[in-house]
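The values are calculated or read from the model by the stated rules, or taken from the named source; none is laboratory data. Computed from a predicted model, the values in this text were never measured in an experiment. Every residue, glycine as well, gets a Cβ built from its backbone with ideal geometry; the counts of neighbours run over all protein chains shown.
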Number of protein chains: 2
Amino acid sequence: MPAAIDHDQRRLALAEVAADLVAAGGADAATMRAVAQAAGFSTKAVTHYFADKRALMLLTYRHAALSSQALTDASQPVGRADVAALLHSLLPIDAKVERNWRVWFSFWGLAIADPEFAAEQRDRVRDFVGRIAAILASDPRFADLSAEERPALAEDLLAQLIGIVTQVVFDREQWPPKRQIGAIDRALLRSAKARKSS
Amino acid sequence: MPAAIDHDQRRLALAEVAADLVAAGGADAATMRAVAQAAGFSTKAVTHYFADKRALMLLTYRHAALSSQALTDASQPVGRADVAALLHSLLPIDAKVERNWRVWFSFWGLAIADPEFAAEQRDRVRDFVGRIAAILASDPRFADLSAEERPALAEDLLAQLIGIVTQVVFDREQWPPKRQIGAIDRALLRSAKARKSS
């Protein structure tokens, strides 16, 4: 009797390989053939999991999102919420986080011309804004924030994070880890001071 | 005697056509052939201006940057500097500005795997941070800011702008113009309040 194939595990392994290929070589580098080769599968076996290049790219994007979500979940201290820790965990200081951002940049380049990819990106961002808002609601340092103020601050903090990362990824020299963390902390401090003064 | 060809004007016209094609269809849509066809040139004539697809993409990126720079220059009131007006002029409310951002997103998708493109992006961002800092130095609303504080705030404001735009472009429904302007103004207000409280 042949050993049972764990298809979920294989799909995951292929998405992981594809994410590495996209991050290093851009969307064009993650061909069905290249993914098969890097994973040690036949091209035919890969088509069992991804019907075509588009499906591969979509799954790779989702895989990068899940990979980063695991890191953000791990960033939260037991029993309390910490927005600063959440945002720090998404800085491209960690090699895996940087890889995931590279996959997203590559995906955005496709999403501008692909309504389904654009909708995927939109939904991910809406979800993530919701997650930041939920953490703001439980982080004692944001206890003074009203429920109505949370979504806007969540959007602003996400904007700050994305905007910093787009600068960092293309200019590593000027952006050592300390400076990346400093830029996030400045945004948080500014928000705290602005609330106190109002 | 045949009429003299204005090569600069032709190059500009081709870059304009290419920017429209990239914004609508992504980097893959701007082939030499498609650009030639849309501009009413022969493919051979286009190769006179762009040796290959990569050169076309690089010039298109620069063209989008110049196109937006013209808009940001025009945003400044005569005789004084206005950071809010500068940032507002780069929101994808104007169709041309949105087109230019779409070209940049597409370019980033390539730049993650192309050191020369990445260097171009890095230099543009450094330049633009410098321009924002210069405007901060002359905007009366930021007169209290020291020269040392300006570059960091310039980076933060650029991050906020980029981060907002990446949300807007894939979620137009939730981001009418008023809300985009509100997000920029919130960042500026927060910065002003934080400075007053410190």
For the list (1) assigned to a helix (DSSP H, G or I); (2) surrounded by fewer than 19 Cβ atoms within 10 Å (Cβ to Cβ), I need the number of the one condition that residue B:144 fails. (1)
Restricted to region B:106-118 and to residues being part of a helix (DSSP H, G or I) and at the interface with chain A (Cβ under 8 Å from one of its Cβ atoms), the residue surrounded by the fewest Cβ atoms within 10 Å (Cβ to Cβ) is B:118
Restricting attention to region A:78-94, the residues that are crowded, with 18+ Cβ neighbours inside 10 Å and at positive phi number exactly 0
If residue A:36 meets every condition in (1) among the hydrophobic types (A, V, I, L, M, F, W, C); (2) over 29 Å from residue B:106 (Cβ atoms); (3) in contact with a Leu (Cβ under 9 Å, 6 or more places away or on another chain) apart from one, which number is that one? (2)
Which condition breaks for residue B:92 when tested against (1) more than 10 Å from chain A (Cβ to nearest Cβ); (2) in a helix (DSSP H, G or I); (3) not hydrophobic (A, V, I, L, M, F, W, C)? (2)
So, in region B:113-170, exactly how many residues are of a type in the set (Ser, Thr, Tyr) and touching a Lys or Arg at 6+ places or on another chain (Cβ under 8 Å)? 1
Can you tell me which residue within region B:28-87, out of those that are in contact (Cβ under 8 Å) with a residue 24 or more places away in the chain and not in a helix (DSSP H, G or I), is nearest to the chain's Cα centre (by Cα)? B:76
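Which count do you get for residues in region A:141-152 that are without any contact (Cβ under 8 Å) to a residue 24 or more places away in the chain and more than 7 Å from chain B (Cβ to nearest Cβ)? I'd like the intermediate steps shown before the answer.
Taking region A:141-152 first, the residues without any contact (Cβ under 8 Å) to a residue 24 or more places away in the chain are A:143, A:146-152.
Narrowing further to those that are more than 7 Å from chain B (Cβ to nearest Cβ): A:143, A:146-151.
Residues that pass the stated criteria total 7.
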Any chance you could count how many residues in region B:172-183 are surrounded by 14 or more Cβ atoms within 10 Å (Cβ to Cβ) and more than 10 Å from every other protein chain (Cβ to nearest Cβ)? 2
Regarding residue A:159, is this residue of a type in the set (A, V, I, L, M, F, W, C) and modelled with pLDDT under 95? no
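Does residue A:110 satisfy the condition of being within 21 Å of residue A:28 (Cβ to Cβ), touching a Lys or Arg at 6+ places or on another chain (Cβ under 9 Å), in contact (Cβ under 8 Å) with a residue 60 or more places away in the chain and not β-branched (Val, Ile, Thr)?
Details: within 21 Å of residue A:28 (Cβ to Cβ): yes; touching a Lys or Arg at 6+ places or on another chain (Cβ under 9 Å): yes; in contact (Cβ under 8 Å) with a residue 60 or more places away in the chain: yes; not β-branched (Val, Ile, Thr): yes.
Yes: the conditions hold for residue A:110.
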Please state which one of A:129, A:97, A:125, A:103 is in contact (Cβ under 8 Å) with a residue 60 or more places away in the chain and either surrounded by fewer than 21 Cβ atoms within 10 Å (Cβ to Cβ) or part of a helix (DSSP H, G or I) (or both). A:103
Within region A:153-169, identify whether any single residue is among the acidic types (Asp, Glu), surrounded by 15 or more Cβ atoms within 10 Å (Cβ to Cβ) and either more than 7 Å from chain B (Cβ to nearest Cβ) or in a helix (DSSP H, G or I) (or both), and answer yes or no. yes
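Residue B:124: out of contact with any Pro (no Cβ under 9 Å at 6 or more places or on another chain), within 19 Å of residue B:71 (Cα to Cα) and not β-branched (Val, Ile, Thr), yes or no? If you could, list the steps in order and put the result at the bottom.
Values: out of contact with any Pro (no Cβ under 9 Å at 6 or more places or on another chain): yes; within 19 Å of residue B:71 (Cα to Cα): yes; not β-branched (Val, Ile, Thr): yes.
Yes: the conditions hold for residue B:124.
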